[in-house]
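**Student:** Have a look at this one before I ask anything.
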Protein chains: 2
Amino acid sequence: MGRWDGWFTVEHHEVHSHARAGRLHTPHGVVETPVFMPVGTQAAVKTLSPHELHQVGAQIILSNTYHLYLRPGSQVVAEAGGLHRFMAWDRPILTDSGGFQVFSLAALRQVTGDGVRFRSHLDGSEHFFTPELSMAVQRDLGADIIMCFDECLAYPARRDEVEASVERTTRWARRCHRAWQEDGDPDRQALFGIVQGGAYPDLRRRSAEELAELDFPGYAVGGLSVGEPAGVTVAVLDVTVPLLPAGRPRYLMGVGTPDLILEAVWRGIDMMDCVLPTRMARHGTVYTSQGRITVRNAAYARDFGPLDPACDCYACRHFSRAYIRHLLKVNETLGMRLTTIHNLRYLQRFMERLRQAVREDRLPEFRAAFYREEGAALGFRPPEPEPLPAG
Amino acid sequence: MGRWDGWFTVEHHEVHSHARAGRLHTPHGVVETPVFMPVGTQAAVKTLSPHELHQVGAQIILSNTYHLYLRPGSQVVAEAGGLHRFMAWDRPILTDSGGFQVFSLAALRQVTGDGVRFRSHLDGSEHFFTPELSMAVQRDLGADIIMCFDECLAYPARRDEVEASVERTTRWARRCHRAWQEDGDPDRQALFGIVQGGAYPDLRRRSAEELAELDFPGYAVGGLSVGEPAGVTVAVLDVTVPLLPAGRPRYLMGVGTPDLILEAVWRGIDMMDCVLPTRMARHGTVYTSQGRITVRNAAYARDFGPLDPACDCYACRHFSRAYIRHLLKVNETLGMRLTTIHNLRYLQRFMERLRQAVREDRLPEFRAAFYREEGAALGFRPPEPEPLPAG
């Protein structure tokens, strides 16, 4: 029996769907799934302290290898005793591989068989990322869950491009796996493989099967939330999730709106992350039980009620929409902090209700009620899976 | 016996100096003096929540009438139930009169006998501030302590200018007093007169005597911390503080470095405020028991100790200099928040020790030790009072 057998325990399969409720056992504690992971790009969830992340109920956060590699440098984080010590966050952390940012942020990318040469988006300095370097950096950061260095294409992409990308991702996954085993911390850090394949079901199958051979502790669905319509997102999940090993956690990268979280969980996804709820918050827009509110708007200048009367967060217990609007208008950072706290708390409470519905076999009712009431107020409609190209 | 007799109780006179320890009894609780008041310009102490202000030990904060009048408008604050409710701060608040900002920030000022016409520094809109308007705005804001609308000159200023300014300040103080009595909330809001007179002892005397006739609940020393050397500041305090009614609180406006706080308290000042400790913090410089540290500097990139090993604040209990430097470098607002928490906590602990020294008649030892050790490390030397022009 391998080190990672049993680290993820599925405790309940919802009877009407592919959803499941489980637990991830990490060196920094247990994570109840399905789970939403707030993003702390630069070793901080923007505007929040670790204390506030605890208060909103965050179980695990994500941080970005690319950003930390550039600043402060993974060596500094390693000397600090790892990312947990560095940022004073005592619960689990997942780091991405740096691949997504290299392909989306960095300049002058040049992909070779070995890796990617790029220039920093900050100062133009040249760097060369390889699967081995990504593994070494993530080992230094010391997260509980680390990701394979992959290539993530935008949507839409031509079939030949996606095919080449799947081949590269598999080759790089093998090198990541080897580096993890030989130079990494394979007893403490769980390495996830990332399934690519765009919107091509046969390429998704090929990617999933090739990765499964390596027996990763977990599997991510990559290459979604990259500009495709929601109907494509769910159609790809429909064909991809069943290909993933049932006993391992499944992580959908980059998804974080309540509707797609619900659809992904329905289809058997256990973990998700997204910058959207925190970015939206900083721009002054919040989710509430009564719909979406852009609290920066003049309409709220004299609205002395809380952001959401149904919410128990610090922002809603103490401050009015009028005050938060004022703070946002005059650029007081407390404003962005309060909207961020609220949106994360909203999502955490949504996840709590969702986990409960899964455990109690009430997911169809939960889903119907969501699209009829709260989700409708937020402007969400059930996505219709789109037909995907045949293989 | 007037409403305001006994609202300020002097509990101890330090035997070697003019310092005193006392208590201010306000509708929002008791303030122990001498006290330092953090500045919450726009209904928030920049980067902090009210919860954090509690944690650093802030007893009372200051907010700015000019800024709140422009945004969100005092009417909005009044509708919210006043500034305490609006910003969710349940301890005392002091608002300034708006005068200082009108004279330092606004454009195209035109002073008439009646008031000051000016253009907003934000959008150029034209406004006319009078003593009566300042009182009405401060009544709407609902602070525990409010200030007379005065004219504050820069340093140095010609004698004839200062004399005209003292005359105007007295005239306006009479109008403020009347408006406070007739249209204000004179039972709940304590109105302070502001002594002007620049560096001219006889004009200070005249200003103090004219204001004393009005029997204000408290008196401020204005027109200092406006560019003059520290030797002038203390010399003006030497001649001015003895002129202020002994039974009323004495507030030195705009002073907030530890050395001048100590010198002011020595001379009988009870209250002070300053943006410097919070502004310095946002620029990455903090006070510590080992000296001043600009934690943004590269020297701290791998310094994994706390900002100040002798400090008990949230920043020092959880985070390293290296992490805080990283946050400041990558513009994560948590960085400025942590340095702000630290500097305010540093000053609060300084005030606690200072109050203790006053109560225990140890102020000379405290002062000598300060300039020999901690103050020396911070770069402070005892100011030498400069000779002032004879009247």
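**Student:** Please report the accessible area of B:His12 (heavy atoms, 1.4 Å probe, ligands and nucleic acids excluded) in Å², nearest 10.
**Tutor:** About 50 Å², rounded to the nearest 10.
**Student:** What does the charge count around A:His326 come to, taking other residues whose C-beta lies under 9 Å from its C-beta (Lys +1, Arg +1, Asp -1, Glu -1)?
**Tutor:** On the way: positive: A:Arg325, A:Lys329, B:Arg71; negative: A:Glu332.
For residues surrounding A:His326, the net value is +2.
**Student:** Before anything else, pin down the relative contact order of segment B:48-150: Cα pairs under 8 Å, at least 6 apart, normalised by residue count, whole percent.
**Tutor:** 31
**Student:** Now, a different point. In nm, give the distance between the simple-model label positions of A:Gln290 and A:Val111, each being 7 Å from the Cα along the Cα-to-Cβ direction.
**Tutor:** Distance between label points: 4.8 nm.
**Student:** Provide the gained length on full extension for the span A:Arg85 to A:Glu373, in nm with one decimal, where the gain is 0.36 nm per separating residue minus the Cα-Cα distance.
**Tutor:** Separation in residues times 0.36 nm, less the Cα-Cα distance, equals 99.4 nm.
**Student:** Mind checking which lysines have their C-alpha under 23 Å from B:Lys329, skipping anything on the same chain fewer than 8 residues away?
**Tutor:** Partners within reach: A:Lys46, B:Lys46.
**Student:** Give me the mean projected area, in nm² to one decimal, of the convex hull enclosing the Cα positions of segment A:340-391.
**Tutor:** Here the figure is 5.6 nm², rounded to one decimal.
**Student:** Here's a follow-up. Return the Rg/Rh value of segment A:281-375, two decimal places, where both radii are evaluated on C-alpha atoms and Rh is the Kirkwood radius. Display every interim value, and only then the final one.
**Tutor:** Details: Rg = 14.6 Å, Rh = 13.9 Å.
Dividing the radius of gyration by the Kirkwood radius yields 1.05.
**Student:** Tally the DSSP beta bridges in the protein assembly as shown and give the antiparallel ones as a percent, rounded to 5.
**Tutor:** Numbers: 42 of 84 bridges.
For the protein assembly as shown, the DSSP antiparallel bridge percentage is about 50.
**Student:** Computing the accessible area with a 1.4 Å probe over protein heavy atoms, can you report the carbon and sulfur percentage for segment A:281-375?
**Tutor:** Working: 1560 of 3480 Å².
With neighbouring chains kept in place, the figure for segment A:281-375 is 45 percent.
**Student:** So what is the relative contact order for chain B, in percent, with contacts set as C-alpha pairs under 8 Å and at least six apart? Don't jump to the answer; show the numbers that get you there.
**Tutor:** On the way: 777 pairs, mean separation 69.2, N = 391.
Once normalised by length, the contact order is 18 percent.
**Student:** Right, another one. Before rounding to the nearest 500, sum -39500 (n - 2.57) across all DSSP H runs of length at least 4 in chain A and divide by the residue total; then give [θ] at 222 nm in deg cm²/dmol.
**Tutor:** Taking each H run of at least 4 residues, the total per residue is -12000 deg cm²/dmol.
**Student:** What accessible area per residue comes out for chain A, rounded to a whole number of Å², with a 1.4 Å probe?
**Tutor:** Values: 14000 Å² over 391 residues.
Accessible surface, normalised per residue, equals 36 Å².
**Student:** When Cβ neighbours within 10 Å are restricted to other protein chains, what is their mean count per residue of peptide B:318-326? Please report the intermediate quantities before stating the final value.
**Tutor:** Working: counts 6, 5, 6, 0, 6, 10, 0, 2, 12.
That average works out to 5.
**Student:** Still on this model: Which percent, nearest 5, of DSSP beta bridges in chain B are antiparallel?
**Tutor:** Details: 21 of 42 bridges.
In chain B, approximately 50 percent of DSSP beta bridges are antiparallel ones.
**Student:** At q = 0.07 Å⁻¹, what is the log10 ratio I(q)/I(0) for chain A, with the Debye formula run over Cα points and no solvent?
**Tutor:** So the normalised log intensities are -0.31.
**Student:** About its Cα centre, how strong a charge dipole does the protein assembly as shown have in debye, to the nearest 20, once Lys and Arg get +1 and Asp and Glu get -1 at the Cβ? Don't skip to the answer; put the middle values down first.
**Tutor:** Details: 88 positive and 94 negative charges, 80 e Å.
That gives a dipole near 380 debye.
**Student:** Quick one: if you stick a label point 7 Å off each Cα along the C-beta vector at B:Asp215 and B:Ala390, how many nm between them?
**Tutor:** 3.7
**Student:** State, to one decimal in nm, how far the label point of B:Ser120 lies from the label point of A:Ala154, with both points 7 Å from Cα in the Cβ direction.
**Tutor:** About 4.0 nm separates the two model spin labels.
**Student:** Counting pairs of alpha carbon atoms under 8 Å apart in space and at least six apart in sequence, what relative contact order in percent does segment A:281-375 give?
**Tutor:** On the way: 116 pairs, mean separation 25.9, N = 95.
Once divided by the residue count of segment A:281-375, the mean separation gives 27 percent.
**Student:** What helices in chain A pass both tests, a Cα length along the helix axis of 18 Å or more and a mean Kyte hydropathy of -1.0 or higher, using whole DSSP H runs? Provide the component values of the computation, followed by the final result.
**Tutor:** Values: long enough: A:159-183 (35 Å, -1.70); A:333-359 (39 Å, -0.44).
Going by DSSP H runs, the hits are A:333-359.
**Student:** Count the net charge of all other residues whose Cβ sits under 10 Å from the Cβ of A:Pro389, scoring Lys and Arg as +1 and Asp and Glu as -1.
**Tutor:** Values: positive: A:Arg159; negative: A:Asp202.
It works out to a net charge of 0.
**Student:** If you don't mind, another one. Per the 1.4 Å probe, what fraction of the accessible area of segment A:8-273, in percent, lies on carbon and sulfur atoms?
**Tutor:** Working: 4080 of 8620 Å².
The C+S portion of the solvent-accessible surface of segment A:8-273 is 47 percent.
**Student:** Can you tell me the FRET efficiency between B:His51 and B:Asp202 if r is taken as the Cβ-Cβ distance and R0 is 35 Å, rounded to the nearest 0.05?
**Tutor:** Numbers: r = 48 Å, r/R0 = 1.38.
The formula returns an efficiency of 0.15 here.
**Student:** Across peptide B:304-310, what mean number of C-beta atoms from other chains lies inside 10 Å of a residue's C-beta? Provide the component values of the computation, followed by the final result.
**Tutor:** Numbers: counts 6, 0, 0, 0, 0, 0, 0.
Taking all residues of B:304-310 together, the mean is 1.
**Student:** What is the calculated FRET efficiency for A:Ala246 to B:Arg353, with r their C-beta to C-beta distance and R₀ = 60 Å, to the nearest 0.05?
**Tutor:** Working: r = 63 Å, r/R0 = 1.06.
Efficiency computed from Cβ-Cβ geometry: 0.40.
**Student:** Kindly sort B:Phe100, B:Phe128 by accessible area of their heavy atoms, largest first, with the probe set to 1.4 Å.
**Tutor:** Numbers: B:Phe100 100, B:Phe128 60 Å².
Listed by decreasing accessible area, they come as B:Phe100, B:Phe128.
**Student:** Assigning unit charges at the beta carbon (Lys, Arg +1; Asp, Glu -1) and nothing else, what dipole magnitude in debye, to the nearest 20, does segment A:296-336 show about its Cα centre? List each step's numbers first, then the result.
**Tutor:** Values: 6 positive and 4 negative charges, 35 e Å.
Dipole magnitude for segment A:296-336 comes out near 180 debye.
**Student:** Another question about this same structure. When the solvent-accessible surface of protein heavy atoms is calculated with a 1.4 angstrom probe, in what order do A:Tyr155, A:Tyr371 fall, highest first? All intermediate terms of the calculation are to be shown ahead of the outcome.
**Tutor:** Values: A:Tyr155 85, A:Tyr371 30 Å².
Accessible-area ranking of A:Tyr155, A:Tyr371, largest first: A:Tyr155, A:Tyr371.
**Student:** What whole-number distance in Å separates the alpha-carbon centres of segment B:343-385 and segment B:264-341?
**Tutor:** For segment B:343-385 versus segment B:264-341, the Cα centre distance is 18 Å.
**Student:** Go ahead and set up a Gaussian network model of chain B, Cα springs under 10 Å, then flag whichever of B:Pro242, B:Pro309, B:Pro217 fluctuates most.
**Tutor:** In the Gaussian network model the winner is B:Pro309.
**Student:** Provide the buried accessible surface between chains B and A in square angstrom, both chains summed, 1.4 Å probe, rounded to the nearest 100.
**Tutor:** On the way: alone 15520 and 15530 Å², together 27980 Å².
By this definition, chains B and A bury close to 3100 Å².
**Student:** Determine how large the accessible area of B:Tyr323 is when every protein chain is in place; take a 1.4 Å probe and give Å² rounded to the nearest 10.
**Tutor:** Looks like 0 Å² after rounding.
**Student:** What's the magnitude of the charge dipole for chain A around its Cα centre, counting Lys and Arg as +1 and Asp and Glu as -1 at the beta-carbon? Answer in Debye, nearest 20. Walk me through the numbers on the way to the answer.
**Tutor:** On the way: 44 positive and 47 negative charges, 251 e Å.
The calculated dipole for chain A is roughly 1200 debye.
**Student:** Segment A:212-258 to segment A:32-73: how many Å between their Cα centroids?
**Tutor:** 21
**Student:** Also, I was wondering about something else. Determine the sum of side-chain charges near A:Val10: Lys and Arg each +1, Asp and Glu each -1, restricted to other residues whose C-beta is under 14 angstrom from that of A:Val10.
**Tutor:** Numbers: positive: A:Arg20, A:Arg23, A:Arg248, A:Arg250, A:Arg355, A:Arg359; negative: A:Asp5, A:Glu11, A:Glu14, A:Glu32, A:Asp270.
Spelling it out: positives minus negatives among the neighbours equals +1.
The values are calculated or read from the model by the stated rules, or taken from the named source; none is laboratory data. Since this is a predicted model, take the numbers as computed values, not measurements. Note: ideal-geometry Cβ built from the backbone for every residue, glycine included; neighbour counts use all protein chains shown. Side chains are part of the model used for accessible areas, which takes the heavy atoms of the whole protein and leaves out ligands, DNA and RNA. Shrake-Rupley method; radii C 1.70, N 1.55, O 1.52, S 1.80 Å.
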